[in-house]
Amino acid sequence: MSVLVYTETEDGKFKKAAFEVASYAKEVAGGDEVVAVSFNATDASELAKYGVSKVLNIQNDKLSKFNAEAYADALKQAAQKEGSKIVVVSQSANSKYLAPLLAVHLNAGYASNVMAAPESTDPFTVKRSAFTNKAFNFTKITTDVKIVGLSQNAFGLKENEGDASVEDFSPELKDGDFSVNVESVDKAKDKVTIADAEVVVSGGRGLKGPENWGMIEEMADILGAATACSKPVSDMGWRPHSEHVGQTGKPVASNLYIAVGISGAIQHLAGINAAKTKVVINNDPEAPFFKAADYGVVGDAFEIVPKLNEKLKEFKAKNA
Ligand SMILES: Cc1cc2nc3c(=O)[nH]c(=O)nc-3n(C[C@H](O)[C@H](O)[C@H](O)COP(=O)(O)OP(=O)(O)OC[C@H]3O[C@@H](n4cnc5c(N)ncnc54)[C@H](O)[C@@H]3O)c2cc1C
């Protein structure tokens, strides 16, 4: 039996989520084979480092932009060809769109927001987060084929020794697979997107105005981070809406989240609960965010952030 993974690419390059689902699949597979399906990947053999031993690489211009129906159809054919009983996908927006379609095609049970390797494989039981990480549940999947949606950064990357064979794979796609098509993509100009970022530096109303974002952008540059903000900041037009995080904005699952001048309202915390380490800089020691923080600095952001940026630059220069 093999475990199948959907490995996401952007402009031919694997996203970090692709390596994470491969690492996870290797753990689930035990001694069995991990087979990846990639779409127009430029170097499919990169997946070997994360435990994949076979890649079914699809090269098809019609699939150069994500298409949930067509991708789900291709993955179904790959799972059937390989006899895979477990399929692992990430929890990116595209994977969340695709997974239920794939579940219908394969008559499979689908568990989303999975946080760890299965608690048991017989019965197949996984730990899942609920209510934006405020609670967990243990879900049993009893269908013959099982689909696991792995939460971002929940398992991490695990490197393995080994080689992967790369096969061309040409699934038979129907006209119906292309009834909904992405015509064009207008990308946000950010260097790192919030969804893919390892580090997110976020600013709130405590920064007083858009003219003060230079120090936030500088910190993000030093750390290779994405910038984000609270809702009022984007509502007031200080920052673009694409940066708004929280219950009504984007979710953050980065390894590090640095919040500057953000009070920590429940609706903001709802979006960042899944971030691993939270650092809060706020001049009010009673700010609710400190209760959710791993590290807190009480003080004026306009003094602390420039000093911190200098220290980070020095550290980076020494450790380059
Ligand atoms: C239905 C609903 C949905 C919502 N969804 C979201 C959401 O998705 N995301 C979201 O963010 N909010 C959301 N909100 C709004 C939320 O309730 C808060 O109002 C908002 O998060 C507050 O933003 P803030 O922390 O930037 O501003 P404030 O609450 O004004 O806090 C500013 C903070 O900055 C600190 N500060 C001030 N000056 C300095 C300084 N010089 N140095 C350091 N710290 C300083 C203050 O102590 C304060 O804690 C939602 C609200 C509702 C009702």
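What single numbered condition from (1) crowded, with 16+ Cβ neighbours inside 10 Å; (2) touching a helix residue (DSSP H, G or I) at 6+ places or on another chain (Cβ under 8 Å) fails to hold for LYS62?
(1)
Please go through region 244-289 and pick out each residue that is touching a Phe, Trp or Tyr at 6+ places or on another chain (Cβ under 8 Å) and at positive phi.
Result: GLY264, single match.
Could you list, in sequence order, all residues of region 67-90 that are open to solvent by 30 Å² or more (accessible area, probe 1.4 Å) and outside any helix (DSSP H, G or I)?
Passing the criteria: GLY83, LYS85.
Residues that are of a type outside the set (Ser, Thr, Tyr) and in a loop (DSSP other than H, G, I, E, B): does region 12-24 have at least one?
yes
So, in region 117-138, how many residues would count as being under 22 Å from TYR97 (Cα atoms) and open to solvent by less than 30 Å² (accessible area, probe 1.4 Å)?
Number satisfying all stated conditions: 3.
Do you know which of the residues in region 30-47 that are open to solvent by 10 Å² or more (accessible area, probe 1.4 Å) and not charged (D, E, K, R) is nearest to PHE124 (Cα to Cα)?
So, considering only residues that are open to solvent by 10 Å² or more (accessible area, probe 1.4 Å) and not charged (D, E, K, R), the one nearest to PHE124 (Cα to Cα) is GLY30.
Could you list all residues from region 25-62 that are β-branched (Val, Ile, Thr), assigned to a strand (DSSP E or B) and touching a residue at least 60 places away in the same chain (Cβ under 8 Å)?
VAL37, VAL55, ILE58
Within the group VAL166, VAL233, which residue is among the β-branched types (Val, Ile, Thr) and not assigned by TED's automatic domain parsing to the domain that holds ALA74?
The unique qualifying residue is VAL233.
Name the residue, out of GLU167, GLU172, that is assigned to a strand (DSSP E or B), in contact (Cβ under 8 Å) with a residue 40 or more places away in the chain and surrounded by fewer than 19 Cβ atoms within 10 Å (Cβ to Cβ).
GLU167
Return the total of residues in region 247-276 being touching a Lys or Arg at 6+ places or on another chain (Cβ under 6 Å) and either under 20 Å from PHE136 (Cα atoms) or in the same structural domain as LYS134 (by TED's automatic domain parsing) (or both).
1
With ASP196, ASP177 as the choices, which residue is in contact with an Asp or Glu (Cβ under 9 Å, 6 or more places away or on another chain) and at pLDDT below 90?
ASP196
The values are calculated or read from the model by the stated rules, or taken from the named source; none is laboratory data. Only a predicted model underlies this, so the values are computations on that prediction, with no experimental measurement involved. Here the Cβ is made from the backbone with ideal geometry for all residues, glycine too, and neighbour counts use every protein chain on show. Side chains are part of the model used for accessible areas, which takes the heavy atoms of the whole protein and leaves out ligands, DNA and RNA. Shrake-Rupley method; radii C 1.70, N 1.55, O 1.52, S 1.80 Å.
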